[in-house]
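The structure under discussion appears below in the form of structure tokens.
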Amino acid sequence: MQFQAGYEFIYSCPQPTPMILLVNIHYSRASDIVVPDHLTSDPSMPITAYRDSFGNWCNRIVAPEGRLRLSADGVIRDSGQPDEVVPSAVQHAVEDLPEETLMFLLGSRYCETDLLSPTAWQLFGAVQPGYARVQAICDYVHNHIVFNYQNARATRTAAEAFNERTGVCRDYAHLAVAFCRCMNIPTRYCTGYLSDAGTPPPYAVGDFAAWFEAYIGGRWHTFDPRNNVPRIGRILMARGRDASDVAMVTSFGPNTLESFRVWTDEISD
């Protein structure tokens with residue numbers, strides 16, 4: 001199957017404003033791309049690119065004074081299979097973990113392992129280590145937080161989400177990531193597109209999604225505490241320690257986001 005995936009941001013800037021954008025489909029899906037999701041701007045401007053320390057593709061621009069439209073519209077092939085479930089995946093002792101996973105055991109801007117560690121061990125210490133423990137964390141977070149766009153807040157941390165019990169997909173992901181790290185499971189935060197394929201209508205307005213990957217059983221496995229069921233059409237854009245590493249747009253000056261659209265639509269092969 002194939003998906004048409006894209007976005008449109010419209011900004012208003014009172015002065016020239018540098019921006020960094022992480023808005024491209026991840027290189028790990030490069031072989032699946034049918035129509036590249038090139039970033040375009042109106043008005044046209046120079047766009048330069050680089051890879052960050054996590055391997056994400058980043059775009060740099062200087063937004064001009066006035067109104068700016070940023071958009072992309074790509075097509076990507078997908079297996080049509082839901083997220084893989086591997087109950088046999090084991091948890092590794094910390095001393096046996098690959099070095100490249102160790103940074104994902106540490107606390108970060110939105111995932112305060114120091115604050116949440118006693119709670120995590122109380123809740124999940126008796127659960128079988130490995131896949132079952134990660135899934136128990138997802139089950140808990142899914143039931144603990146009430147999804148509400150009206151309660152979204154860009155500064156909400158995992159500990160605050162735990163205490164407030166409300167939020168959006170990034171809050172579910174942050175709390176689950178923090179709990180997993182507290183339990184010595186390397187865990188990285190992910191953003192991207194998520195289709196409605198295989199789910200019943202009515203469908204919500206399109207948006208980017210957040211989930212996480214846990215290192216168990218010798219590789220990274222996808223988990224989604226917000227939806228908490230395997231989904232079809234998950235298209236990765238970026239990975240990092242938490243949302244601060246993978247913000248879609250980071251701006252260095254005043255601006256107003258006037259409108260925002262995201263689509264992930266199934267199309268005929």
Give, as residue ranges, the strands (runs of 3 or more DSSP E) completely inside segment 186-269 that count at least 2 residues that are aromatic (F, W, Y), surrounded by fewer than 23 Cβ atoms within 10 Å (Cβ to Cβ) and outside the structural domain of M103 (by TED's automatic domain parsing).
256-267
Working only within segment 96-111, note down all residues that are under 9 Å from C182 (Cα atoms) and either surrounded by 15 or more Cβ atoms within 10 Å (Cβ to Cβ) or at pLDDT below 95 (or both).
L105, G107
Residue check, G218 against (1) farther than 21 Å from L115 by Cα; (2) under 17 Å from the mean Cα position of the chain (by Cα), all met but one. Which one?
(2)
If we keep just the residues of segment 91-125 that are part of a loop (DSSP other than H, G, I, E, B) and of a type outside the set (A, V, I, L, M, F, W, C), which is farthest from S244 (Cα to Cα)?
G125
Every residue in segment 201-228 that is touching a residue at least 24 places away in the same chain (Cβ under 8 Å) and of a type in the set (F, W, Y), please.
F208, W211, F212, Y215, W220, F223
Output the residues belonging to segment 41-55 that are surrounded by 14 or more Cβ atoms within 10 Å (Cβ to Cβ) and of a type in the set (V, I, T).
I47
Among the numbered conditions (1) over 22 Å from H26 (Cα atoms); (2) acidic (D, E); (3) in contact with a helix residue (DSSP H, G or I) (Cβ under 9 Å, 6 or more places away or on another chain), tell me where D242 comes up short.
(1)
Output the residues belonging to segment 8-28 that are under 19 Å from the mean Cα position of the chain (by Cα) and closer than 17 Å to D52 by Cβ.
I20, L21, L22, V23, N24, I25, H26, Y27, S28
Across segment 17-40, what is the total count of residues that are closer than 12 Å to M237 by Cβ and exposed (fewer than 15 other Cβ atoms within 10 Å of the Cβ)?
2
Select, from R109, R51, the only residue that is in the same structural domain as M237 (by TED's automatic domain parsing), under 23 Å from M248 (Cα atoms) and of a type outside the set (A, V, I, L, M).
R109
Kindly list, by first and then second residue, each pair from a residue in segment 246-269 that is within 16 Å of Y7 (Cα to Cα) and among the small types (G, A, S) to a residue that is assigned to a strand (DSSP E or B) and modelled with pLDDT of 95 or more, limited to pairs with Cβ atoms under 7 Å and residues at least 6 apart or on different chains.
S259/I10
Residue check, V134 part of a loop (DSSP other than H, G, I, E, B) and either among the basic types (K, R) or outside the structural domain of S31 (by TED's automatic domain parsing) (or both):
no
Could you check segment 71-92 and list, in sequence order, the residues that are over 20 Å from the mean Cα position of the chain (by Cα) and surrounded by 16 or more Cβ atoms within 10 Å (Cβ to Cβ)?
A89, Q91, H92
From the options A178, A173, residue that is within 29 Å of D37 (Cβ to Cβ), of a type in the set (A, V, I, L, M) and within 17 Å of the chain's Cα centre (by Cα)
A173
Would it be correct to say that A159 is modelled with pLDDT of 95 or more, surrounded by fewer than 23 Cβ atoms within 10 Å (Cβ to Cβ) and farther than 16 Å from E112 by Cβ?
no
Residues located in segment 44-71, provided they are within 16 Å of Y27 (Cα to Cα) and among the hydrophobic types (A, V, I, L, M, F, W, C):
A49, F54, W57, C58
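Being at pLDDT 95 or above and either closer than 13 Å to P225 by Cα or not hydroxyl-bearing (S, T, Y) (or both) is true for just one of A154, A178. Which residue is that?
Only one candidate qualifies: A178.
The values are calculated or read from the model by the stated rules, or taken from the named source; none is laboratory data. Not measured: the values here are computed from a predicted model. No Cβ is skipped: glycine too gets one built from the backbone with ideal geometry, and neighbour counts run over all protein chains shown.
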